[in-house]
Amino acid sequence: MDYSDDIIDFTEKLPGKINSEEQERNNRIINSSVAYMASFAIVYVSFFLVTSLFAKRHNLFYKLFFFKVEFTQNYSLWEIEPVIKTFSAGPIYCLVGGIAGLVIQRLYRKRPGILKLFWLWMGIHFFNFFAAQMILMPIKANSQGINASYLGIVADYMYFDDFVKLIFSVIASIILIFIGSIVAKSFVQITNSTQHIHKNEQRLSYLFQIVFLPWLICSGVTMIYFGDGSFILNLATVTTMFIVVISIFINAMKNKMIMIYKMPETGQIENKFLIVLSSVLIFMKIFLNNGVRF
């Protein structure tokens, strides 16, 4: 006997106006996209901020943009120790930030919502940025032989050959698959109804709304908004995130017994979060587009 059709929804009955199914779906997509874009912007900008601080400390800094760091052209200062410390700082920061993000999201158990989504995407973006730096290690950004990633610069100063760089790229891809398997269950648990996930087709549709569409929408925004930055880096982060998305789908579909949280969110659009995100993005475009020195 198949009990899947008779599953009982034990989730909290929410007071007030009940949203239509279509409206709830749209709200889920918007909230997840806002959390995705907000966390990505923080990771992207803070990566270059941390790099610029270390570059300043080691006399390699010239100017900070929200989409890149401009370094000094006095190459007599580009010695092994300051270069390695400066260009490894950002990736190490992303690695630590990824661990912190995934640990923090686990604290949102009683009332998960956009904050849990935010920290979920935050942890994923940190790991994704770190992995993208590893994957780009063997690649040059242009015909002048400039490295496409900061870890590529570190590798050159440490005299790594191309085969070693390629090994790091493969390891990075495996890391992304592993991260997807870790966060898959958390994405499914955020739903406010078991009706969204107890059948395969419903779970697939739910993951499409809360994972795939935010990746697709925000990838387009990323390529446009951060278009003044490194195209190779932007394309790499979009592509490597797709690996995580596919891993999330595979692992979430395999796990049939996932208990959702007892006290779900209302499913409303988080307007304050959206307003803050839009304001910060506009501020950066207006005031930080020409770079700052310090």
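The values are calculated or read from the model by the stated rules, or taken from the named source; none is laboratory data. What you see is a predicted model; the values in this text were computed from it and never measured. A quick note on method: Cβ atoms are made from the backbone with ideal geometry, for glycine too, and the neighbour counts reach across all protein chains shown. Note: areas computed on protein heavy atoms with side chains; ligands, DNA, RNA excluded. Shrake-Rupley method; radii C 1.70, N 1.55, O 1.52, S 1.80 Å.
For beta carbons closer than 6 Å, sequence separation of 6+ or different chains, a first residue in segment 148-166 that is more than 21 Å from Thr51 (Cα to Cα) and a second that is surrounded by 14 or more Cβ atoms within 10 Å (Cβ to Cβ), the qualifying pairs are Asp162/Pro138; Lys165/Met137; Lys165/Pro138; Lys165/Ala155; Leu166/Pro138. Give the residues of segment 60-102 that are part of a strand (DSSP E or B), in contact with a Gly (Cβ under 7 Å, 6 or more places away or on another chain) and buried (at least 17 other Cβ atoms within 10 Å of the Cβ), sorted by residue number. Result: Leu64, single match. Whenever a residue of segment 283-294 is closer than 20 Å to Leu53 by Cβ and charged (D, E, K, R), its partners that are surrounded by 11 or more Cβ atoms within 10 Å (Cβ to Cβ) and at pLDDT 85 or above, lying with C-beta atoms within less than 6 angstrom and at least six residues away or across chains, give the pairs Arg293/Lys63. Looking only at residues in segment 147-182 that are polar (S, T, N, Q) and assigned to a helix (DSSP H, G or I), the one that is farthest from His125 (Cα to Cα) is Ser169. Within segment 39-51, being surrounded by fewer than 24 Cβ atoms within 10 Å (Cβ to Cβ) and of a type in the set (A, V, I, L, M, F, W, C) holds for Ala41, Ile42, Val45, Phe48, Leu49, Val50.
Taken as a whole, the condition of being under 23 Å from Ile114 (Cα atoms), modelled with pLDDT of 95 or more and within 23 Å of the chain's Cα centre (by Cα) applies to Thr237. Picking from residues in segment 153-174 that are more than 21 Å from the chain's Cα centre (by Cα) and open to solvent by less than 30 Å² (accessible area, probe 1.4 Å), the one that is farthest from Ser88 (Cα to Cα) is Lys165.
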